[in-house]
Amino acid sequence: MGTYYTLLGVAPEASQEAIAEAYAHQRERYNPERVAELDPDLRKVAVERSTEIERAYAVLADAEHRRQYDASLSGAAGRGPTVERRSLTPRERTYALIGVVAAIVLIAATWVLTGRNTAPQSQAMAEVNRPAPSFAVPNLAGGTVNLADYKGKVVLLNFWGTWCEPCKRELPALQAAHTTLAGEGLVVIGVNLTDDELVQGRDQAAIKAYLVEYGVTYPVALDVQGEVTNAYGIYPLPASFFIDGEGRIRYKLIGELTLADVQARFAELKGAAATVRTP
């Protein structure tokens, strides 16, 4: 789950005011009335996360307890001075981008060489069969991402945040899926929890820079008000939903996706759609 800081969505050097604000925001997200509306699996996860948030804030809200916790993280006797984070140089950014692109190419090439007709192995996912909540929210280009525009295609809806390490780790697989399967009818949409980003001091420019750094080119919706997150009952990140061509959620996964996961679910849902269309 990471540190108490990542749990609340703040930096280790955050002020006490920022920690209190982040805690209040997280408590609202895990409001018992919202949790009660979730299905049993998600409700269990939400209750566990709420307990962890309370534990994290109890430590970070107390100056002495926070100092001891920071010391346990660093292995030092005390908190010590905060080390300023150095931004990447243009050359380092270029090398990082090249590395991401190379990883995507390698994943795609491996898939092609091992045979596209071979059924990919994927992890177990919760099966769902209910209408996907509609939404139309801004994107980084000044336009709108409207779920209704993708009716008839298989949509992978992936909820993420820049502070989420598992989200970062799955980006190459999502980008590879977009690169290799978009022509066959797969739509990958990233839904950024922008309301949380703003609470943590990251604006749209920071989100855009993050996506550029990791070579993301699929559509990204900005959930500025949190209405999409609430409609889908999102709590832990990352969370992904596979939506069929009829606009119904068929699978959901809390955790990291692999390219094999996307391939398997897309092949299944695309095949089901073709069967329905066959007279």
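The values are calculated or read from the model by the stated rules, or taken from the named source; none is laboratory data. Bear in mind the structure is a predicted one, so any value in this text is a computation, not a measurement. Cβ placement follows ideal geometry from the backbone for every residue including glycine, while neighbour counts extend to all protein chains displayed.
Between a first residue in the range 146-159 that is farther than 13 Å from Pro133 by Cα and a second residue that is of a type in the set (D, E, K, R), which pairs have beta carbons less than 6 Å apart while being 6 or more apart in sequence or on different chains?
Pairs that qualify, where the first residue is farther than 13 Å from Pro133 by Cα and the partner is of a type in the set (D, E, K, R), are Val154/Lys270.
Residue check, Asp244 against (1) closer than 12 Å to Gln123 by Cβ; (2) at pLDDT 95 or above, all met but one. Which one?
(1)
Here is a yes/no grid of residues against (1) assigned to a strand (DSSP E or B); (2) at negative phi; (3) of a type outside the set (Asp, Glu):
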| site | (1), (2), (3) |
| --- | --- |
| Ala141 | no, yes, yes |
| Val145 | yes, yes, yes |
| Gly152 | no, no, yes |
| Leu156 | yes, yes, yes |
| Cys167 | no, yes, yes |
| Glu170 | no, yes, no |
| Leu174 | no, yes, yes |
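Just checking, does the range 158-167 include any residue being farther than 21 Å from Arg29 by Cα and acidic (Asp, Glu)? Spell out the reasoning first.
From the range 158-167, those farther than 21 Å from Arg29 by Cα are none; that's our starting set.
Checked against the condition, which is being farther than 21 Å from Arg29 by Cα and acidic (Asp, Glu), the range 158-167 yields no hits at all.
Mind listing just one residue for me: the one in the range 116-138 that is modelled with pLDDT of 95 or more and in a strand (DSSP E or B) and, of those, surrounded by the most Cβ atoms within 10 Å (Cβ to Cβ)? Step through it out loud before you land on a result.
In the first step, residues of the range 116-138 are kept if they are modelled with pLDDT of 95 or more; the result is 131-138.
Next cut, in a strand (DSSP E or B) only: 131, 136-138.
Working: Pro131: 10, Ala136: 12, Val137: 18, Pro138: 16.
Looking at the filtered set, the residue picked out is Val137.
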